[in-house]
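Worksheet for the structure shown next.
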Amino acid sequence: MTEFLIAGLAPNFVSYDDGLSLQYEIHSEVASGAREATVILLEHDPVYTAGKRTEGEELPQDGTPVIETNRGGKITWHGPGQLVGYPIMQLPRPIDVVGYVRWLEQVLIDTIADFGLYTERVEGRSGVWAPQPDGNHVKVAAIGIRVSEHTTMHGFALNCNNSLQPYETIIACGIKDAGTSTLSLLLGKEITPAMAAEQVQKHLGEIYKVNL
């Protein structure tokens, strides 16, 4: 059984600090067994966050503030129009972190397929990617996680109808040779985080029951 907590979708954006505090609170409860697996779904106020592997050249060069985090991965942006999901759950032992990331990717691939867009994994790169006619890929969802006390935190960011301008000042996820897009741009129709949240809940629940 998985609990879903809608912490904030437009127009009720959640600051990154508030979202992180909520994560830690729920993480403690899930890790101790006092609470069942919980997935937080929200939209953040605009913010850059840097994972533990972020390098200096990847940061904004205009002095824009960046919040350092303890998740994996590199720098990314969160903000309105992007569905952010924080699954907080105990992992089976022995812990398979790569398997968990692949599981999250599949949830997102299945969610995106519900809107009529084919996406896939790219070997050697985490996240979810949309193939383009020229043979290249654009990234539509990023993943960065942390596992502590056998319990996950942080998670994924799915670009729905957000601005892409914030990505122009960073090297998102440390990837220099690929771009970023949104479901709305790729499909030519409006896909909101609220719409995506409905499908994410469906697929997270289904796959959680089967594989975890």
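Give Val107, Val98, Val84 a once-over and let me know the one that is closer than 13 Å to Thr152 by Cα, of a type in the set (Val, Ile, Thr) and either in a helix (DSSP H, G or I) or modelled with pLDDT of 95 or more (or both).
Working: Val107 fails: closer than 13 Å to Thr152 by Cα; Val84 fails: closer than 13 Å to Thr152 by Cα.
Of Val107, Val98, Val84, the one residue that is closer than 13 Å to Thr152 by Cα, of a type in the set (Val, Ile, Thr) and either in a helix (DSSP H, G or I) or modelled with pLDDT of 95 or more (or both) is Val98.
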What is the one condition in (1) touching a Phe, Trp or Tyr at 6+ places or on another chain (Cβ under 9 Å); (2) in contact (Cβ under 8 Å) with a residue 60 or more places away in the chain; (3) not in a helix (DSSP H, G or I) that Val128 does not satisfy? (2)
Among the numbered criteria (1) more than 21 Å from Pro87 (Cα to Cα); (2) in contact with a helix residue (DSSP H, G or I) (Cβ under 6 Å, 6 or more places away or on another chain); (3) surrounded by fewer than 17 Cβ atoms within 10 Å (Cβ to Cβ), which single criterion is violated by Asn136? (2)
Can you spot a residue in segment 11-18 that is within 18 Å of Asn162 (Cβ to Cβ), surrounded by 15 or more Cβ atoms within 10 Å (Cβ to Cβ), of a type in the set (Val, Ile, Thr) and at pLDDT below 95? no
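Going through Glu25, Glu43 one at a time, which residue ends up being at pLDDT 90 or above, in contact with a Leu (Cβ under 6 Å, 6 or more places away or on another chain) and not basic (Lys, Arg)?
On the way: Glu25 fails: in contact with a Leu (Cβ under 6 Å, 6 or more places away or on another chain).
That would be Glu43, the only listed residue that is at pLDDT 90 or above, in contact with a Leu (Cβ under 6 Å, 6 or more places away or on another chain) and not basic (Lys, Arg).
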Within segment 79-98, the residues that are within 16 Å of Val128 (Cβ to Cβ) and either of a type outside the set (A, V, I, L, M) or surrounded by 19 or more Cβ atoms within 10 Å (Cβ to Cβ) (or both) are Gln82, Leu83, Val84, Gly85, Pro87
Confirm whether Asn70 is among the polar types (S, T, N, Q), farther than 22 Å from Gly205 by Cα, buried (at least 23 other Cβ atoms within 10 Å of the Cβ) and touching a residue at least 60 places away in the same chain (Cβ under 8 Å). no
The lone condition Thr54 fails out of (1) over 15 Å from the mean Cα position of the chain (by Cα); (2) closer than 14 Å to Ile145 by Cβ; (3) at pLDDT below 95; (4) not aliphatic (A, V, I, L, M) is (2)
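The values are calculated or read from the model by the stated rules, or taken from the named source; none is laboratory data. This structure is a prediction, so every number in the text was calculated from the model and none was measured. So basically every Cβ, Gly included, is an ideal-geometry build from the backbone, and we count neighbours across all protein chains shown.
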